[in-house]
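The values are calculated or read from the model by the stated rules, or taken from the named source; none is laboratory data. Just so you know, these numbers come straight off a predicted model, no measurement behind them. Here the Cβ is made from the backbone with ideal geometry for all residues, glycine too, and neighbour counts use every protein chain on show. The accessibility values were calculated without ligands, DNA or RNA, using every heavy atom of the protein model including side chains. Shrake-Rupley method; radii C 1.70, N 1.55, O 1.52, S 1.80 Å.
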Amino acid sequence: MQLAVSSCLILVVFLNLDLGQAASLAFRPERAPILGAALIAFNASKILAALRLNIYQRHAGMRLGEGDNLRLYYAGMFLNILLPGGIGGDAYKVLILHRGFSLPLRTGVAITLADRSGGMLTLLLILCMLTPLLPLAWEAATVVLFTVASVAAVRAVFVLAHRWLFRLDARQLAGVCALGVAVQVLQLACMAMLLSYLGAPAGSYIAYLALFLVSSLAAVLPFSVGGLGVREATFLVGVRMFHLDPTYGVLASSCFFLLTLLSSMVGALFLGRFSLRPATTG
């Protein structure tokens, strides 16, 4: 079902593009080092995301080394590509920690929700902060009021959720917040590099990056394979607000998916390292 949705969305999106222009933009071997740098930025973001996840796990009493945690994170990434909405990879990690490390299922689910919600709230926070830089047809006072109100609201929800629902102390909260921001900044840097590879106009970067953040939220919906098609469709629709060429955004989004796919393949090597069988006691 998810493969069919992704295929249909990709077909519709690319039928709305100039395929000749898309082909000429996508094939630029002289700029291959930029793709390499984007791949490094993407994986750096995932390493920091794994560190952030381990803060939640250690808060719950789970003592998993950073190496094993990173391998488990990449194994989950691999399953997230194949299964809807990242649920498969999350379920796999929860089961591994439950059966192999005796972490209660309820706690494992709570950790997953905390990590996911924290990541999405951080993404929303950065998106709100980008609002004043976007070419919106709003009055300056409206832009300022919206930005201040939305940033304050998202920050309040983030802090209250982590202090009162997840019971993180100030040091843990600071660590989760700092790593969350770093993750999103690295992913934005990755996207900016992809736009640079494609030769997108420098003045349009902020709008494309804002749409990338929106597409990341849309990609969480369990309707596609790893967000493929959903991100591209978001760009196709969203660029009309800013009167931009959709080709750059759609191609950059597709390149981002390919980087995700390539990086996630590493996780397949680690699936056999962890057992789904219950831990035995001597």
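Of all the residues in region 93-108, those that are assigned to a helix (DSSP H, G or I), free of Cβ contacts under 8 Å to residues at least 60 places away in the same chain and open to solvent by less than 70 Å² (accessible area, probe 1.4 Å) number 6.
Condition first: in a helix (DSSP H, G or I), surrounded by 21 or more Cβ atoms within 10 Å (Cβ to Cβ) and over 18 Å from the mean Cα position of the chain (by Cα). Can you find one or more residues in region 12-22 that meet it?
yes
Within region 194-218, the residues that satisfy the criterion of being in contact (Cβ under 8 Å) with a residue 12 or more places away in the chain and of a type in the set (Gly, Ala, Ser) are SER196, GLY199, ALA200, SER204, ALA207, ALA210, SER215, SER216, ALA218.
Residues of region 23-50 that are open to solvent by 60 Å² or more (accessible area, probe 1.4 Å) and touching a residue at least 60 places away in the same chain (Cβ under 8 Å): ARG31 alone. Residues in region 149-163 include none that are within 23 Å of ALA32 (Cα to Cα), out of contact with any Leu (no Cβ under 9 Å at 6 or more places or on another chain) and open to solvent by 60 Å² or more (accessible area, probe 1.4 Å). When SER45, SER7 are checked against the criterion of being out of contact with any helix residue (DSSP H, G or I) (no Cβ under 6 Å at 6 or more places or on another chain) and either at pLDDT 85 or above or closer than 30 Å to LEU236 by Cβ (or both), SER7 stands alone in meeting it. Can you work out which of the residues in region 209-230 that are open to solvent by 40 Å² or more (accessible area, probe 1.4 Å) and β-branched (Val, Ile, Thr) is modelled with the lowest pLDDT? Filtering region 209-230 for residues that are open to solvent by 40 Å² or more (accessible area, probe 1.4 Å) and β-branched (Val, Ile, Thr), the one modelled with the lowest pLDDT comes out as VAL220.
Only one of ALA156, ALA114 is of a type outside the set (D, E, K, R) and touching a His at 6+ places or on another chain (Cβ under 9 Å). Can you tell me which?
Values: ALA156 fails: touching a His at 6+ places or on another chain (Cβ under 9 Å).
After applying the criteria, what remains is ALA114.
Among residues of region 162-175 that are under 15 Å from THR107 (Cα atoms), those with a Cβ under 7 angstrom from a residue that is of a type in the set (A, V, I, L, M, F, W, C) and open to solvent by 20 Å² or more (accessible area, probe 1.4 Å), sequence gap 6+ or separate chain, pair up as HIS162/LEU173. If we keep just the residues of region 114-145 that are out of contact with any Gly (no Cβ under 7 Å at 6 or more places or on another chain), β-branched (Val, Ile, Thr) and farther than 16 Å from MET241 by Cα, which is least open to solvent (accessible area, probe 1.4 Å)? Once the filter is applied, the top-ranked residue is ILE126.
Condition (residue is more than 20 Å from MET120 (Cβ to Cβ) and not in a helix (DSSP H, G or I)) applied to region 144-161: is it met by at least one residue?
no
Per the listing MET265, MET241, the residue uniquely open to solvent by 40 Å² or more (accessible area, probe 1.4 Å) and at pLDDT below 90 is MET241.
Out of THR122, THR142, THR131, one residue alone is of a type outside the set (A, V, I, L, M, F, W, C) and at pLDDT 90 or above. It is THR122.
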